[in-house]
Amino acid sequence: MDRAFGEKVVGGFPVLKSVAVANRLFLHRAVRHLVGLGVEQFIDIGSGIPTMGNTHQVADEVASGAKVVYVDNEPVAVAHSRYLLDKHGDPARHAVIQADMRDPDGLWDRARDAGVIDFARPVAVLLVAVLHIQQPGRDGTDIGPRAVARYRELLRSGSYLAISHVTTEGVPPAFREKLLEVKDLYDVSSNPVVWREQSEIRALLGDFELVPPGMTWTPLWHPEESGPNAPELEFASPEESVIWAGVGRKP
């Protein structure tokens, strides 16, 4: 997404800046909570250009030694992430790969080839604010749910899947109208979006067991796991965060 387009979107719906911050804080809290549950390996799909603390940095705040593979399909994001890891990362524990999330098996192979993750042990896959960007397949339909189903199959028992996704269900009416306007802008760009209902977002976790408190708005998912320097969120109610999120464990 180019800067001019991003400014146009945020200009029409300024609270999106706070929405993005709340979503990022959900990722941080999910990582901290999962490390507390004993997870030591993460695959961060659609990681983008790092902002507000990287997954491995957040994990290391709780217990040093976590292993992370960052995945993105944008060459610029991959190059920038590699530059940062070259300066501040550990090649034995951190890697960046370029892969398309619509190809789960190919992505899995590249992650394995990176030599960081031990796939014989549980791993947490992070799909944070990724799946509301449409993932068109060869037939033009959104294959995001099919791809996620394959990731669930690839994960071994005891692994986790974290998802956050924009929804228009349950948000204040004025926010719903704005989200529909934002969707119209994206749908005529190169990055069309899909706003799913809460039940559809829950379905992305399949039969995985929900980690308490289950699916909820991003500010309500384990707020006690926020770091000491976490920014204050300027929402009148959690529903204004417009992103439904949760973490599931594979039985």
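The values are calculated or read from the model by the stated rules, or taken from the named source; none is laboratory data. Keep in mind it's a predicted model, so treat the numbers as computed, not measured. Cβ: placed from backbone, ideal geometry, glycine included. Neighbour counts: every protein chain shown. Just so you know, the surface numbers come from the protein's heavy atoms only, side chains and all, with ligands and any DNA or RNA stripped out. Shrake-Rupley method; radii C 1.70, N 1.55, O 1.52, S 1.80 Å.
Within segment 73-95, can you find the residues that are more than 19 Å from Val58 (Cα to Cα) and either touching a Phe, Trp or Tyr at 6+ places or on another chain (Cβ under 8 Å) or open to solvent by less than 20 Å² (accessible area, probe 1.4 Å) (or both)?
Ala77, Val78
Please verify whether Leu210 is touching a strand residue (DSSP E or B) at 6+ places or on another chain (Cβ under 8 Å), closer than 30 Å to Asp118 by Cβ and either open to solvent by 40 Å² or more (accessible area, probe 1.4 Å) or aromatic (Phe, Trp, Tyr) (or both), treating the condition exactly as stated.
yes
If Thr51 satisfies every condition in (1) β-branched (Val, Ile, Thr); (2) part of a loop (DSSP other than H, G, I, E, B); (3) modelled with pLDDT of 90 or more but one, which is the exception?
Answer for Thr51: the failing condition is (3).
Among the residues of segment 103-123, is there at least one that is open to solvent by 50 Å² or more (accessible area, probe 1.4 Å) and within 16 Å of the chain's Cα centre (by Cα)?
No: zero hits.
Just to be sure before I move on: is Ser226 among the hydroxyl-bearing types (Ser, Thr, Tyr), surrounded by 15 or more Cβ atoms within 10 Å (Cβ to Cβ) and within 30 Å of Gly36 (Cβ to Cβ) in the structure I sent?
The answer is yes for Ser226.
Restricting to segment 124-147, name every residue that is open to solvent by less than 40 Å² (accessible area, probe 1.4 Å), of a type in the set (Val, Ile, Thr) and under 25 Å from Val182 (Cα atoms). Can you show your working first?
Filtering segment 124-147 down to residues open to solvent by less than 40 Å² (accessible area, probe 1.4 Å) leaves 124-132, 135, 137, 143-144, 147.
With of a type in the set (Val, Ile, Thr) added as a condition, the list becomes 125, 128, 130, 143.
Result: Val128, Val130, Ile143.
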